[in-house]
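The structure under discussion appears below in the form of structure tokens.
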């Protein structure tokens, strides 16, 4: 029987995500600061480049998205998920969410919501157009200059207010992305204005058909929420699916046994299959 004590290195080290990095960008309009977090696949890019997913609320779900993707993309023929670059758009905070998101993710201020559901005051709103401009004119060129990106396969993923922004981006500039993932979107925030944008979008795709894929998702338990966003998202998918003849593909998925936050991991897994399926 050995008397040797096994060697244990007790020095603590921070855990890092391989092949990932972050930096800060400042927008030209408004001088707003964003923490950009990017992860690339470990293998070589295909001739067409990597698909890319732009992820809102990067502080909260970036690691979950990247690890879920890396776990499943090794065998695309089995999982239906290709390797991709993931770009998280976050803020300079150690918290999961920042008040800045209220401005960036809302297309129009809504004075009905001066207070949040928890009673706190709502920060400044109405900067979605500026934020979309930052993504299109500043962030995308930066990413495409550093990574081999397939511009034909660009996805945006947002949840809650981020889901609202995702819908806004699709309605305002459908060609910005080929795939839109809106989880538990805050359609109630300014529903009348969003409906106006939807109508303009439908008229536009009828005049100029454009291939757009939209996945709306929410948790089963959100059906009883006072905002009614789960039902609104389902109805929106039904309306947009009527435009399938003009290149629009829209579907809604309700996740059994999940709520507003717990839906995120299962939504991410479903979103990856929706956005990163191998093309025929």
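The values are calculated or read from the model by the stated rules, or taken from the named source; none is laboratory data. Just so you know, these numbers come straight off a predicted model, no measurement behind them. Positions of Cβ are backbone-derived with ideal geometry, glycine not excepted, and every protein chain shown enters the neighbour counts.
Of note:
- Residue within the range 215-237 that is touching a helix residue (DSSP H, G or I) at 6+ places or on another chain (Cβ under 8 Å), touching a residue at least 12 places away in the same chain (Cβ under 8 Å), closer than 26 Å to residue 277 by Cα and part of a loop (DSSP other than H, G, I, E, B) present: no
- Test for residue 56: is it surrounded by 13 or more Cβ atoms within 10 Å (Cβ to Cβ) and either under 21 Å from residue 267 (Cβ atoms) or at pLDDT below 95 (or both): yes
- Residues satisfying the stated conditions in the range 1-41, i.e. loosely packed, with under 14 Cβ neighbours inside 10 Å, in contact (Cβ under 8 Å) with a residue 40 or more places away in the chain and not in a strand (DSSP E or B): 28, 29
- Residue satisfying condition, being free of Cβ contacts under 8 Å to residues at least 12 places away in the same chain, more than 12 Å from residue 56 (Cβ to Cβ) and either in a loop (DSSP other than H, G, I, E, B) or in contact with a strand residue (DSSP E or B) (Cβ under 9 Å, 6 or more places away or on another chain) (or both), within set 138, 92, 144: 144
- In the range 69-82 there is no residue that is exposed (fewer than 13 other Cβ atoms within 10 Å of the Cβ), at positive phi and part of a loop (DSSP other than H, G, I, E, B).
- Flag if residue 241 is touching a residue at least 12 places away in the same chain (Cβ under 8 Å), surrounded by 14 or more Cβ atoms within 10 Å (Cβ to Cβ) and touching a strand residue (DSSP E or B) at 6+ places or on another chain (Cβ under 9 Å): no
- Complete set of residues in the range 246-270 that are assigned to a loop (DSSP other than H, G, I, E, B) and in contact with a helix residue (DSSP H, G or I) (Cβ under 7 Å, 6 or more places away or on another chain): 247, 256, 257, 258, 259, 260
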